[in-house]
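Peer 1: Would you mind keeping the following structure in view while I ask a few things?
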Amino acid sequence: MNKTFILTLIGVLLTSIVFSQDYYVLHLSGKVKETASQRNLMVGDQLKGDTELEFLTEGAKVVVISKESGRMLIDGSKSKKSYKGEFIDLVQSVLFPIQKNESLSTRTIAENKDVADLQSFIGKEPRAIIGDVYTINGDPKVFKKKGGSSYIYKYYIGKDAVNKVIRITEGKINFDKKALYPVEDYNIPENGSQVEFYFTNVISKKSIKLAEFHLCYVNTKGLMKEVSTIISALNISGNDERISKEVNAYITEQYGTPFDGQVDEWLIKKGFISAAN
């Protein structure tokens, strides 16, 4: 049996495996529809390798998951342009492994108690808050009200800077999406925004940057569907340890590193895993 035949056989087998798998839609960036049904894709939909998709948004991407291959990326920017000007291709043709960022899981988690250095606690990699609020328990000796001073949470909407005053009581720093972002712009924190945190003296008009970070507020309504899809696709219902591991990994790669304990706390609250004994 010659080498060419063996390689061809392997290629046929791999293609057959990819086409036969069930891929579950896990996350969508942009609009994509299935050409056969003309229906827009939604989280939880099942696809085969030979399903034809039309990418309605330039550079649209779909994160999918299967029991055999784990998380994969359908990249609309790799699709072919039809004679009508539509970007259409088979799942198989635009399906790629997701590049894992191993460094995200190596960070030592700092204890959320008497935090004196905000930058060291948050770190520099993207971070994720599950829901709308997260409280950092700052050191009350460091984070306290001083005459003529404020703590400023700064981000941008387009090119416009937005400065929000954060009131700190007994050292508690509340990152509250509803207080910090306008309702009409909730897509900004949910997609992740670059934030700068300052201590500002109103009288001298001098500011000290205490931290700079990328923060994403994870929409829990959407997360409910995503977690249900992970559990169904991987067939891990009832396996609390595996659910926790898979969901933590997914959130870290898709949204940012969650703060310690937040994910499991939310999974328990929503009944995806049982409370620890």
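Peer 1: Restricting the search to segment 46-65, which residues are of a type in the set (S, T, N, Q) and either more than 16 Å from His27 (Cα to Cα) or buried (at least 19 other Cβ atoms within 10 Å of the Cβ) (or both)? Explain how you work it out, then say what you get.
Peer 2: Filtering segment 46-65 for residues of a type in the set (S, T, N, Q) gives 46, 51, 57.
If the condition is that a residue be of a type in the set (S, T, N, Q) and either more than 16 Å from His27 (Cα to Cα) or buried (at least 19 other Cβ atoms within 10 Å of the Cβ) (or both), then Thr51 is the only one that fits.
Peer 1: I'd like the full set of residues that are in a strand (DSSP E or B) and polar (S, T, N, Q), limited to segment 20-58. Can you show your working first?
Peer 2: Of the residues in segment 20-58, the ones in a strand (DSSP E or B) are 23-29, 32-34, 39-40, 46-47, 52-55.
Matches in segment 20-58: Ser29, Asn40, Gln46.
Peer 1: Looking at segment 63-76, can you tell me whether even one residue there is in contact (Cβ under 8 Å) with a residue 12 or more places away in the chain, touching a His at 6+ places or on another chain (Cβ under 8 Å) and closer than 27 Å to Ala249 by Cα?
Peer 2: Yes, segment 63-76 contains at least one residue that is in contact (Cβ under 8 Å) with a residue 12 or more places away in the chain, touching a His at 6+ places or on another chain (Cβ under 8 Å) and closer than 27 Å to Ala249 by Cα.
Peer 1: Out of (1) in contact with a Pro (Cβ under 7 Å, 6 or more places away or on another chain); (2) open to solvent by less than 80 Å² (accessible area, probe 1.4 Å), what's the single condition that is false for Glu170?
Peer 2: Among (1) in contact with a Pro (Cβ under 7 Å, 6 or more places away or on another chain); (2) open to solvent by less than 80 Å² (accessible area, probe 1.4 Å), the lone unmet condition for Glu170 is (2).
Peer 1: So which residues in segment 175-200 are polar (S, T, N, Q), touching a residue at least 24 places away in the same chain (Cβ under 8 Å), open to solvent by 40 Å² or more (accessible area, probe 1.4 Å) and out of contact with any His (no Cβ under 9 Å at 6 or more places or on another chain), if there are any at all?
Peer 2: Asn191
Peer 1: Also: So for segment 173-185 (the condition being farther than 24 Å from Ile251 by Cα, in contact with an Asp or Glu (Cβ under 9 Å, 6 or more places away or on another chain) and not aromatic (Phe, Trp, Tyr)), does at least one residue qualify?
Peer 2: Within segment 173-185, none of the residues are farther than 24 Å from Ile251 by Cα, in contact with an Asp or Glu (Cβ under 9 Å, 6 or more places away or on another chain) and not aromatic (Phe, Trp, Tyr).
Peer 1: Among the residues that make up segment 205-212, is at least one of them among the hydroxyl-bearing types (Ser, Thr, Tyr) and out of contact with any Phe, Trp or Tyr (no Cβ under 6 Å at 6 or more places or on another chain)?
Peer 2: no
Each row is one residue, and each column tells you yes or no for (1) farther than 30 Å from Glu170 by Cβ; (2) modelled with pLDDT of 95 or more.
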{"position": "Ser79", "(1), (2)": "yes, no"}
{"position": "Leu90", "(1), (2)": "yes, yes"}
{"position": "Pro97", "(1), (2)": "yes, no"}
{"position": "Lys100", "(1), (2)": "yes, no"}
{"position": "Asn112", "(1), (2)": "no, no"}
{"position": "Gln119", "(1), (2)": "no, yes"}
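Peer 1: Any residue at all in segment 219-231 that is at pLDDT 95 or above, farther than 26 Å from Pro189 by Cβ and either surrounded by fewer than 16 Cβ atoms within 10 Å (Cβ to Cβ) or among the hydrophobic types (A, V, I, L, M, F, W, C) (or both)?
Peer 2: Yes, the conditions are met somewhere in segment 219-231.
Peer 1: Please work out which residue is nearest to Ile236 (Cα to Cα), limiting yourself to segment 73-86 and to residues that are open to solvent by less than 30 Å² (accessible area, probe 1.4 Å) and not in a loop (DSSP other than H, G, I, E, B).
Peer 2: Ranking the qualifying residues of segment 73-86, first place goes to Ile74.
Peer 1: How many residues does segment 74-104 contain that are in contact with a strand residue (DSSP E or B) (Cβ under 7 Å, 6 or more places away or on another chain) and over 21 Å from Ala36 (Cα atoms)?
Peer 2: Let us first name the residues in segment 74-104 that are in contact with a strand residue (DSSP E or B) (Cβ under 7 Å, 6 or more places away or on another chain), namely 74-76, 79-82, 86-91, 94-98, 104.
Okay, now just the ones that are also over 21 Å from Ala36 (Cα atoms), so 96-98, 104.
Total satisfying the criteria: 4.
Peer 1: Further, regarding this structure: Give the residue that is nearest to Tyr186 (Cα to Cα), with candidates limited to residues of segment 144-175 that are of a type in the set (A, V, I, L, M, F, W, C) and touching a Lys or Arg at 6+ places or on another chain (Cβ under 8 Å).
Peer 2: Result: Val162.
The values are calculated or read from the model by the stated rules, or taken from the named source; none is laboratory data. Source: prediction; values computed, not measured. Positions of Cβ are generated from backbone atoms using ideal geometry, with glycine treated the same way; all protein chains shown enter the neighbour counts. Keep in mind that these areas ignore ligands, DNA and RNA; they rest on the heavy atoms of the full protein, side chains included. Shrake-Rupley method; radii C 1.70, N 1.55, O 1.52, S 1.80 Å.
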